[in-house]
1. Within the stretch A:21-52, can you find the residues that are modelled with pLDDT of 95 or more, crowded, with 20+ Cβ neighbours inside 10 Å, more than 9 Å from RNA strand B (Cβ to nearest atom) and more than 9 Å from the chain's Cα centre (by Cα)?
2. If you go through the stretch A:108-139, how many residues are in a helix (DSSP H, G or I), exposed (fewer than 15 other Cβ atoms within 10 Å of the Cβ) and of a type in the set (G, A, S)?
3. Across the stretch A:216-240, what is the number of residues that are under 14 Å from A:Y156 (Cβ atoms) and either part of a loop (DSSP other than H, G, I, E, B) or at pLDDT below 90 (or both)?
4. Checking A:A399 against (1) modelled with pLDDT of 95 or more; (2) touching a Ser or Thr at 6+ places or on another chain (Cβ under 6 Å): exactly one of these is not met. Which one?
5. Where in the stretch A:413-506 are there helices (runs of 4 or more DSSP H), lying wholly inside it, with at least 1 residues that are under 28 Å from A:P319 (Cα atoms) and over 32 Å from the mean Cα position of the chain (by Cα)?
6. Can you tell me which residue among A:H243, A:H253, A:H275 is in a helix (DSSP H, G or I) and either within 19 Å of A:F47 (Cα to Cα) or more than 9 Å from RNA strand B (Cβ to nearest atom) (or both)?
7. Search the stretch A:484-506 for residues that are under 12 Å from A:I465 (Cα atoms) and without any contact (Cβ under 8 Å) to a residue 24 or more places away in the chain and pair each with any residue that is of a type in the set (G, A, S) and assigned to a strand (DSSP E or B) when their beta-carbon atoms are under 7 Å apart and the residues are at least 6 apart or on different chains.
8. Just a yes or no: is a residue in the stretch A:425-439 of a type in the set (D, E, K, R) and within 14 Å of RNA strand B (Cβ to nearest atom)?
Amino acid sequence: MNIDLVIHNTLSNKKEKFEPIEDGYVGMYVCGPTVYSDVHLGNCRTFVSFDIIYRYLKYLGYKVRYVRNITDVGHLEGDVDTGAEDKISKKARLEKLEPMEVVQQYTVGFHDIMRILNTEAPSIEPRATGHIIEQIEMVQAIIDNGFAYEKNGSVYFDTIKFAKDKDVYGQLSGRILEDLMVETRELNNQSEKNNPADFAIWIKADESHIMRWNSPWSVGFPGWHLECSAMSTKYLGKTFDIHGGGNDLKFPHHENEIAQNFGACGCQPANYWLHTNMLLMNGKKMSKSIDPETGVSNSITPQELFTGNNPNISKAFSPMVIRFFMLQSHYRSTLDLTDAALVAAEKGYRRLMEANKVLQNFAAIENGAAGDLDKEINLLIDKTHSEMSHDFNTPMAMARLFELVPKVNGLKEGHLSFSDLTTDTLDRLKQVFSDYIYTIFGLKDELDSASSGNSSMDGLMQLVIELRQGARENKDWPTSDKIRDTLAELEIQLKDGKEGTSWSKI
RNA sequence: GGUCGCGUGGCCGAGUGGUUAGGCAGAGCUCUGCAAAAGCUUGUACGGCGGUUCGAAUCCGUCCGCGACCUCCA
């Protein structure tokens, strides 16, 4: 495709033309979840956003190696200096499980949700515990290069020396080292770090710590930031194209990751850094604490969303409606999840999918004249592509599809004429809908109203519809309306159209 | 307190200084036995105050309000 892809790079805070290191190939690393509890809906937004990016890069013809890790060790709760505990270990201790049982349970749960949301699996999904050797080697390399020091079996990254040597620390997050030193000085003065801005890359394990490995420095475990540096380097090389993650990982996680890569390899790990914004709920960051006024917590899990079992929503919403909802905002903007917004998304989703069905069922046409309608449709299609290529602007691309919907319906209803279209344009229109809806946006036809997928149910409904039709032909309105109203109580809606009656579950 | 970002019509949400974002809701119409569903058409906007410009939702200043990060977080 002859379109320049423009990407907003957090590193420069500018939109830049995307140019891969190797023509035709893209290496992309995205920070995955820490599997110590059920996946949070906010995580889902990030992974759906990168799924769209992955899909679009492939659509543009790139061969993409997409690496997304699973963090199963090293992610601490609290501060290292004041007795922090590994999140996985803590969960294992509380539930009397092996740490790897915790990891397995939540990894499976995570994959289930990702599959339900129709995200494609990454090319490689490496785990931190599977790359302890690589992480130890990286620690050693950083020590050898003089950017880390050992204290009592733990190894710390020497942030001050690094900042003096290479002028990159703070570039990504916009942080100034002097400020960081001042801010954190009071918090931990009994630390064994040389400087409060230093961070642990290898941590000596105390007796209570169950996840531990041998290393040249101590029996211990790697620091959280290290796994991404080690695994991205292993699978994508010292410098690769795209590194992504949630906004809240910018600092300290990504900043420290860059420092580690420089420390070990002497170079910037990724040319383009992409950060997704937060998902809010009712205007606020999701939180599990209970609001004293309403008695309701401002949070929701994917499962609750799919079942409607949460006080913040009025009904269940299907996975594709959630995906559609996410597509309607840009990945770098916050997105506010409200019941009304989801209801709106559901209707919009249905309208788009219905129009697509109508479009794909159009029969082949005689080649018509390339008039105004033809031009208008081609212009909208061109815009769809160019806007999507402008920093993956899904809401704009989506808006163009919605502008094409009345054209499709107009052709179907007959007030627009196929004779104003060339066969090429109709084919192109079919192609762009199918490409965007299925291939790029990753939506599925889950609300297909014509059928329940259950043959006895379908047969039964066919019978009921025929009986009602008979009553209607006899102008027996009480019988006809009784059938309609009773079905409505059973949450089945009848839709009387020109070509007969169809039904769907409400 | 420090750093960064945001304030767009009833709601959600795009916007790359200059011609309609889009979705939902509302209104009108078509279809219908009546409805529903579906389709078509359509009104309402850029937090306040200054400034730059021929022209500002978009750039600058300022004030007000909100949020994120700085501690685990996607």
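1. Result: A:V26, A:G27, A:M28, A:Y29.
2. So the count comes out to 1.
3. First pass over the stretch A:216-240, keeping only residues under 14 Å from A:Y156 (Cβ atoms): A:217-218, A:220, A:222-226.
Now restrict to residues that are either part of a loop (DSSP other than H, G, I, E, B) or at pLDDT below 90 (or both): A:217-218, A:223-224.
Qualifying residue count, the stretch A:216-240: 4.
4. That leaves (2) as the condition not met.
5. Values: elements: A:423-434, A:455-473, A:477-489.
In the stretch A:413-506, A:455-473, A:477-489 are the helices (runs of 4 or more DSSP H) which contain 1 or more residues that are under 28 Å from A:P319 (Cα atoms) and over 32 Å from the mean Cα position of the chain (by Cα).
6. Testing whether each residue is in a helix (DSSP H, G or I) and either within 19 Å of A:F47 (Cα to Cα) or more than 9 Å from RNA strand B (Cβ to nearest atom) (or both) leaves just A:H253.
7. A:Q493/A:S504
8. To start, the set of residues in the stretch A:425-439 that are of a type in the set (D, E, K, R) comprises A:427-428, A:430, A:435.
Now restrict to residues that are within 14 Å of RNA strand B (Cβ to nearest atom): none.
No, every residue in the stretch A:425-439 fails to be of a type in the set (D, E, K, R) and within 14 Å of RNA strand B (Cβ to nearest atom).
The values are calculated or read from the model by the stated rules, or taken from the named source; none is laboratory data. Please read all numbers here as calculations on a predicted model, not as lab measurements. All Cβ positions, even for glycine, are placed from backbone atoms using ideal geometry, and neighbour counts span all protein chains on display.
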